[in-house]
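Here's the structure we're looking at; comments come further down.
Throughout, read-outs are computed from the coordinates displayed, never taken from laboratory work. Everything numeric in this text was worked out from a predicted model, so none of it was measured. Neighbour counts run over all protein chains shown; Cβ positions are idealised from the backbone, glycine included.
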Amino acid sequence: MGMVGGGPGSFIGPVHRMAAELDGGIRLVAGAFSSDATRSREAGAGYGLAPERVYASYAELFADERRREDPIDFVTIVTPNHLHLPVARAALEQGFHVLSDKPATATLAEARTLRELVRRSDRLYALTYTYAGYGLVREARALCARGELGAVRKAVVEYSQDWLSTPIEATGQRQAAWRCNPTQAGIGGCSGDIGVHAFQLLEFVSGLRVVELAAQLSSVVPGRLLDDDCNVLLRLENGAPAVLIASQVAAGERNGLTLKLYGERAGLSWSHEDANRLTISSLNGDTRILHAGSNAPTLDSLSKAAFRLPLGHPEGYIEAFANIYRDFGRLIVTGDAASLQQSALATIDTGLRGMAFVDAAVRSSRADSAWVPVDQEFVARE
Ligand code: NAD
């Protein structure tokens, strides 16, 4: 694997590296880790790479790797959002598969462009929507699809953090600086950064699309150009109402992602901070808790495959990421691109959905929280 982004002091690049290599089938061998050549070299040395495979730019990475006898098979994109499209485009055009971090792009128009590029390419493209890597999230999806809840009647999804509660972007804090800058983050602040995770989790687990929404996006910290707090009402394709809350100014919240789905007969609840448990509570008063590592006979094969340890041994964020890498690696090895749609991997369509959400939320909020449709027309059901 090659990596673009993930330079010194970055957040998610090193996590990707750990996760990619967890199962022994993937190795980071090349990269352009920073826009600064010296910092890229510094990162490459830290990752223990051969100096000749540490590049000053992603253009050089793809051009040189292409000429090698042992080139990288795929690239992972872990840069700020505005580079997701140009790096993915360059990789696909030079013949490399792409595993990109979310959001797919910086704007909805860019996501449409990327979808066309992916369609025309014979290379694989997938996104690391991390939470769909958890076995119990996959099981939540499976039991919804099996009808265990009955028809979904209401959904509540919340993703709250507090790390942008003060204007740390002004202090040069690296992760905050680009996330609060529209030219690098794109049209959404909190909505594009973590709102898209909440939106993906809701559609992934429920199997239902959001068709319209009414959003109030706020910049709670004075002077911010992008939203740092989102309160959104949604309507699902079966008519059910839903609520999505995302915030990066919610004091005391660390990485609080929770999903609650309520059906005709039962409800389910999953929380990232207690990720090894899935609770299913039915109207008759029964509550069932599924644990990661469960051997329950009803378990879906995709969920089971995502468990790595016996019951009671906690699994977490890196394992969830690793499940995505393992799935993606297998598709590369088998060359079975058609299986991408049947896997639990997020495709370019999922990426488009995320950008359609951000676009609709921004439009609605600017129109005094009017209800607006979430763009559907170009998205095939996965
Ligand atoms: P970061 O600021 O910590 O790291 C970004 C890295 O990209 C830096 O090392 C920077 O030097 C590098 N970079 C910038 N321009 C470059 C260029 N032209 N060529 C090569 N490298 C370049 O950011 P982060 O928090 O790691 O986020 C990176 C991406 O990952 C974002 O798109 C973010 O949305 C996503 N992310 C996803 C998750 C998740 O849970 N899936 C979590 C965090 C971040």
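Determine which residues of the stretch 46-70 fall in the zone a paramagnetic label at residue 37 would reach in this model, i.e. backbone nitrogen under 16 Å from the point 7 Å along Cα→Cβ.
51-64
Work out from phi, with θ = phi - 60° and the Karplus expression 6.51 cos²θ - 1.76 cosθ + 1.60, the ³J(HN,Hα) of each residue of the stretch 142-154, listed in order in whole Hz, and give x for Gly and Pro.
Using θ = phi - 60°, the values come out as 5, 6, 5, 5, 6, x, 5, 8, x, 4, 5, 10, 7 Hz.
Take the alpha carbon gyration tensor of the stretch 208-285, find the square roots of its eigenvalues, order them as a ≥ b ≥ c, and report rounded if a/c is under 1.5; if not, report prolate when a/b exceeds b/c, else oblate.
It is oblate, given that a/c is not under 1.5 and a/b is not larger than b/c.
How are the Cα pair distances of the stretch 134-230 distributed, in percent, across 5 Å bins from 0?
Binned Cα distances yield the sequence 2, 11, 20, 20, 13, 12, 10, 7, 4, 1.
When the helices in the chain are scored as -39500 (n - 2.57) per DSSP H run of 4 or longer and the sum is shared across all residues, what 222 nm value do you end up with, to the nearest 500 deg cm²/dmol?
-10000 deg cm²/dmol
I need the phi-derived Karplus couplings for the stretch 311-319: 6.51 cos²θ - 1.76 cosθ + 1.60, θ = phi - 60°, integer Hz, Gly and Pro marked x.
3J(HN,Hα) across the stretch 311-319, in whole Hz: 3, x, 9, x, 10, x, 4, 5, 5.
Over all distinct alpha-carbon pairs, what is the Kirkwood Rh of the stretch 169-311 in angstrom?
About 17.4 Å for the stretch 169-311.
Report the full-extension gain for the segment residue 308 to residue 291: residue separation times 0.36 nm, less the Cα-Cα distance, to one decimal in nm.
Gain on extension, residue 308 to residue 291, equals 4.9 nm.
By how many nm would the segment from residue 318 to residue 146 lengthen if fully extended, with 0.36 nm per residue of separation less the alpha-carbon distance?
Fully extending the segment from residue 318 to residue 146 adds 59.1 nm.
May I ask you to work out the translational diffusion coefficient for the chain at 10 °C, viscosity 1.306 mPa s, via Stokes-Einstein with Rh from the Kirkwood sum over Cα pairs, reported in whole µm²/s?
For these conditions, the coefficient is 75 µm²/s.
What is the spin-label model distance, in nm, from residue 338 to residue 277 if the labels are put 7 Å beyond Cα along the C-beta direction?
Reported label-point gap for residue 338 and residue 277 is 4.3 nm.
Quick one: if you stick a label point 7 Å off each Cα along the C-beta vector at residue 52 and residue 18, how many nm between them?
Those two pseudo-labels are separated by 3.2 nm.
Tabulate in residue order the Karplus-calculated ³J(HN,Hα) for the stretch 342-355, using 6.51 cos²θ - 1.76 cosθ + 1.60 with θ = phi - 60°, rounded to whole Hz; enter x for Gly and Pro.
Along the stretch 342-355, the couplings run 8, 7, 8, 6, 7, 9, 4, 5, 5, x, 5, 4, x, 6 Hz.
Between 33, 74, 11, find the one with the highest GNM mean-square fluctuation for the chain; connect C-alpha pairs within less than 10 Å.
Maximum among the listed residues: 11.
In whole angstrom, note down how far apart the Cα centers of the stretch 136-203 and the stretch 119-133 are.
18
Scan around residue 162 for amide H atoms under 5 Å from its own, H built in the peptide plane at 1.01 Å from N, and keep only partners 5 or more places away or cross-chain.
250, 253
Given the stretch 265-337, what whole percent of its Cα pairs are spread farther than 18 Å?
Result: 50 percent of Cα pairs exceed 18 Å.
Mean 1/r over all different Cα pairs, inverted: what Kirkwood radius does the stretch 1-119 give, in Å?
Answer for the stretch 1-119: a Kirkwood hydrodynamic radius of 14.1 Å.
For each of 302, 99, count neighbouring Cβ atoms within 10 Å of the residue's Cβ, then give the residues from fewest to most.
Starting with the residue having the fewest Cβ neighbours, the order is 302, 99.
Give me the distance in nm between label points sitting 7 Å out from Cα along the Cα-to-Cβ direction at residue 181 and residue 162, one decimal.
Each label point is offset 7 Å from its Cα along the Cβ direction, giving 2.8 nm.
Distance from the Cα centre of the stretch 1-50 to that of the stretch 279-303, in angstrom?
38
At 0.36 nm per residue, and after removing the present C-alpha to C-alpha distance, how many nm does the segment from residue 255 to residue 284 gain when stretched out fully?
7.2 nm
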